[in-house]
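Reading through the structure tokens given below for one structure.
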Amino acid sequence: ELFARLEAANVIVPADTYDAAAAYVSDQLEYEMARQTLGPEAEVRLRARDDRQMQAAIRVLRRSRTPESAVAAAMTEQLRIQGH
């Protein structure tokens with residue numbers, strides 16, 4: 001529907017460009033709607049949910065009992081992400 005509205009407003013966006021950006025645009029609209037309807041805290045929660053780096057950090061911290069174990073877990077997570 002957004003693409004049709006853009007066309008109706010004479011906004012020229014090639015279909016392949018729109019398709020490539022569709023997931024990003026959808027996320028941004030979701031964040032904006034959350035902020036407008038539920039407040040900035042809801043937007044922050046959604047952004048945190050979708051932030052892969054933050055989620056990886058949370059996993060590391062949940063598995064760690066000491067600063068040293070957090071560093072070791074972070075290094076292990078980094079290796080896992082890199083495919084080693």
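What follows is calculated from the coordinates using simple rules that are stated; it is not laboratory data. Every value quoted in this text rests on a predicted model; they were computed, and no experiment measured them. No Cβ is skipped: glycine too gets one built from the backbone with ideal geometry, and neighbour counts run over all protein chains shown.
Sort out which residues of region 62-84 are over 28 Å from Tyr24 (Cβ atoms), surrounded by fewer than 13 Cβ atoms within 10 Å (Cβ to Cβ) and not polar (S, T, N, Q), and write them in order of number.
Matches in region 62-84: Arg62, Arg65, Pro67, Glu68, Val71, Met75, Leu79, His84.
Any residue in region 19-33 that is under 29 Å from Arg5 (Cα atoms) and assigned to a loop (DSSP other than H, G, I, E, B)?
No: zero hits.
Could you check, for region 63-77, whether at least one of its residues is without any contact (Cβ under 8 Å) to a residue 40 or more places away in the chain, within 19 Å of the chain's Cα centre (by Cα) and in a helix (DSSP H, G or I)?
yes
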